[in-house]
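The values are calculated or read from the model by the stated rules, or taken from the named source; none is laboratory data. Since the structure is predicted, the reported quantities are computational estimates derived from the model, not experimental observations. Heads up, the Cβs are rebuilt from the backbone with ideal geometry, glycines too, and the neighbour counts pull from every protein chain shown.
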């Protein structure tokens, strides 16, 4: 299941209004929490915590690129609730960059990508390979305490992205989105998780089964290499499925498919997400799964004309400068993947934020001593592209492609 295959989100109408209502409610809730006596309470009672920069409008944390997930997890564990309600600023250990907004954008994208590293066993791709679900193997790879702590951290991370209007780069599968919204699951929702099971259960609903199928209200689940029977309801192993009760059986199988082997992880994930995005607010604003996905990912499609229409120019460039016109022409000629890479080179983001770029996407004439022989540079914190005064479209295209391809995530060319 992907957004492209489901209902389209009306960006200019209903969605924008609902998103504005959601954010207003979230920030009102956060502002109230910051004034309450309990706002300094530890997120995890019993852990050593310290309020970070209590008089600062930001919460600054230090993380390490080489161990981004673990260092971010440890940093969050040290926060008090008032710290997590403030906008984040990131410092990468061993790097000189000062976060004016670009590094935290990078952190949200890179950390979200690290969550789906198959070696960690936290999330795994679904059958369509485009979405991710909680990895059932995680219960064999991690202790219960570790699972609770990590998945609650993941939930807070996703909630923080929504609260602070940042995008992430992990597409969650439909049943996860529905459960974050507190919605009831139906049979069609599990198609992306287990197509074969979904079809089998649909056949059972559509056809008489007595004398054809022999099932009980239980299901086999592999645990440490052995298959054990799990009851879908108390006494389910001794209760036959009939035409009279098959609808109940199908609904229980839907819930088992979505939660059975990952119930602990999902509970922790939802708890963490609702720490920052309360379920009551989501319910009040009637957010749909499609809309929640867009809140996480931003707009899928890059419309170059929309970015160009609000772009700014500096350093001697204007919208009529040949180099500027060549840049937009080159960007339009790129593949979708190349466009995303170029966008990230300039802004630190792989997609256009739902609110547009702030500061505006800006093309300025480079002052590098190499002149037209130098490569483009970017200032991601300010969404600026420093573009040398190239003498031809071909030269601009080649130099830009090299810069985008070879710029590291540590902003070495910034």
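Would you confirm, using the coordinates I've provided, whether residue 142 is more than 12 Å from residue 262 (Cα to Cα) and out of contact with any helix residue (DSSP H, G or I) (no Cβ under 8 Å at 6 or more places or on another chain)?
no
Which numbered condition trips up residue 324, out of (1) part of a helix (DSSP H, G or I); (2) surrounded by 15 or more Cβ atoms within 10 Å (Cβ to Cβ); (3) in contact with a helix residue (DSSP H, G or I) (Cβ under 8 Å, 6 or more places away or on another chain)?
The failed condition is (3).
Within segment 222-239, track down each residue that is modelled with pLDDT under 80 and under 14 Å from residue 256 (Cα atoms).
222
Exactly one condition in (1) assigned to a loop (DSSP other than H, G, I, E, B); (2) in the same structural domain as residue 145 (by TED's automatic domain parsing) is not met by residue 273; state its number.
Against the list (1) assigned to a loop (DSSP other than H, G, I, E, B); (2) in the same structural domain as residue 145 (by TED's automatic domain parsing), residue 273 comes up short only on (1).
Given the conditions (1) touching a strand residue (DSSP E or B) at 6+ places or on another chain (Cβ under 8 Å); (2) buried (at least 16 other Cβ atoms within 10 Å of the Cβ), report the number of the one that residue 360 does not fulfil.
(2)
Please note which helices (runs of 4 or more DSSP H) are completely contained in segment 132-208 and include at least 2 residues that are touching a residue at least 12 places away in the same chain (Cβ under 8 Å) and not assigned by TED's automatic domain parsing to the domain that holds residue 30.
In segment 132-208, the matching helices (runs of 4 or more DSSP H) lie at 195-206.
For segment 299-312, check the following and say yes or no: at least one residue is in a loop (DSSP other than H, G, I, E, B), at pLDDT 95 or above, out of contact with any helix residue (DSSP H, G or I) (no Cβ under 8 Å at 6 or more places or on another chain) and not assigned by TED's automatic domain parsing to the domain that holds residue 173.
Yes, segment 299-312 contains at least one residue that is in a loop (DSSP other than H, G, I, E, B), at pLDDT 95 or above, out of contact with any helix residue (DSSP H, G or I) (no Cβ under 8 Å at 6 or more places or on another chain) and not assigned by TED's automatic domain parsing to the domain that holds residue 173.
Of the residues 283, 242, which is exposed (fewer than 15 other Cβ atoms within 10 Å of the Cβ), outside the structural domain of residue 383 (by TED's automatic domain parsing) and part of a helix (DSSP H, G or I)?
283
Does segment 347-359 include one or more residues that are assigned to a helix (DSSP H, G or I) and either in contact with a helix residue (DSSP H, G or I) (Cβ under 9 Å, 6 or more places away or on another chain) or without any contact (Cβ under 8 Å) to a residue 12 or more places away in the chain (or both)?
Yes.
Pick out the one residue from 400, 391, 331 that is touching a helix residue (DSSP H, G or I) at 6+ places or on another chain (Cβ under 7 Å), touching a residue at least 12 places away in the same chain (Cβ under 8 Å) and part of a loop (DSSP other than H, G, I, E, B).
The match here is 391.
So if I check each of 292, 269, which one is farther than 18 Å from residue 26 by Cβ, surrounded by 19 or more Cβ atoms within 10 Å (Cβ to Cβ) and in contact (Cβ under 8 Å) with a residue 12 or more places away in the chain?
269
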